[in-house]
């Protein structure tokens, strides 16, 4: 298809122009730009470089295969599948077979392809397919959903599994962070003896630098100490994050003063650290802010009773207190569990209490995970810089008798006097 329009952004996020261009699909090799486009409500996909040896048997035909749940359809069914056993999921889908699934991120793209097929505005023939892991009888709901939408696909192929090949002729794999800071890469490979495909995991810890931009999943329970074990086993990664004092914090983690983690309930304690996204949408320009960064903070235990301060309920029973870790000694958090929150709330930049969109996002990259933790720890600089600033704040609090109300301006002035 010929290129008819182009936009030069000078490095600015390209998703801001998709609405004006009337785009039906955004493709990019940059995963962060893809995530930003999806958050803005546009169909988007991460593209991989084509194989140099790829043989296009018919370049006059555009063939597009859609996955089902979380792609053409919403995340709803997949979320249910993760919460249930397979038999329960199938039973749920059979009972709801006549209820159309909500549309997923790629539904507008299929709509556009159907219009293109019907209008024949292009010299390129279009052929579409639905390839889904939904086997009978769960596939009925998917087919009925397409009928309810009034769209068609040329082929529908319910299967037990689907694997796409990457540019190196192998199977596109997945990255996992394991206990002890080990990094493993999983992929489908041919068995030399039987010729059958087996899913295998390979230890790539020594080559972690090459996998930093890959989306990563946590396999099993992961703790903050596992991140530092990874840094210790791969000094190339330490060098990548030298601006965040990675070597200094790695040395700090080895002092042997880590606080043991018991998991016992403490209303003023931290149950785990959470990696999360914090995005804002400018309701004037439509620009999304913060899409390239992952954040980390402490999450308290679910409160068994109300927390009352000065005669007022500060935190209600059943909620969790959120804690910042910016001035925490690394020994205090080293043994805390580390979890990923894949749900993203996009807030209004003019009213951050208003959520304008909520969605599930792909796993963050390994680089985002490491950067989030080190950025939070190194907010004031090196470990010694952080301790100096924390001491200054403590001194200011003591001098100002912080048990009494104090304005932010007065507190800042007290810091200036101290140093």
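The values are calculated or read from the model by the stated rules, or taken from the named source; none is laboratory data. Here the structure is a predicted model, which is why all the values come from computation and not from measurement. For neighbour counting, all protein chains shown are included, and Cβ atoms are generated from backbone atoms with ideal geometry for every residue, glycine included.
Tell me which residues, restricted to the stretch 273-311, are more than 30 Å from residue 42 (Cα to Cα) and surrounded by 19 or more Cβ atoms within 10 Å (Cβ to Cβ).
Taking the stretch 273-311 and keeping what is more than 30 Å from residue 42 (Cα to Cα), we get 273, 298-311.
Passing the criteria: 273, 298, 299, 300.
When you check residue 258 against the structure, is it more than 28 Å from the chain's Cα centre (by Cα) and crowded, with 18+ Cβ neighbours inside 10 Å, yes or no? Judged against the criteria, residue 258 is a match. May I ask you to verify whether residue 219 is more than 24 Å from the chain's Cα centre (by Cα), surrounded by 13 or more Cβ atoms within 10 Å (Cβ to Cβ) and modelled with pLDDT of 85 or more? The answer is no for residue 219. Residue pairs whose Cβ atoms lie under 6 Å apart, sitting 6 or more positions apart in sequence or on different chains, and linking a residue in the stretch 6-17 that is in contact (Cβ under 8 Å) with a residue 40 or more places away in the chain to a partner that is in a helix (DSSP H, G or I), are 13/36; 15/36; 15/37.
Results for (1) in contact (Cβ under 8 Å) with a residue 60 or more places away in the chain; (2) out of contact with any strand residue (DSSP E or B) (no Cβ under 9 Å at 6 or more places or on another chain); (3) not in a strand (DSSP E or B), shown as yes or no for each residue.
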position	(1), (2), (3)
305	no, yes, yes
308	no, no, no
313	no, no, no
320	no, no, yes
325	no, no, yes
338	yes, no, no
346	yes, no, no
355	no, no, no
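A Cβ distance below 9 Å, combined with a sequence gap of six or more or placement on separate chains, defines the contacts here; from the stretch 240-269, residues that are more than 17 Å from residue 225 (Cβ to Cβ) reach residues that are surrounded by fewer than 11 Cβ atoms within 10 Å (Cβ to Cβ) in the pairs 265/304; 267/304; 267/305. Given the structure, is residue 366 in contact with a strand residue (DSSP E or B) (Cβ under 7 Å, 6 or more places away or on another chain) and at pLDDT 95 or above? It is false that residue 366 is in contact with a strand residue (DSSP E or B) (Cβ under 7 Å, 6 or more places away or on another chain) and at pLDDT 95 or above.
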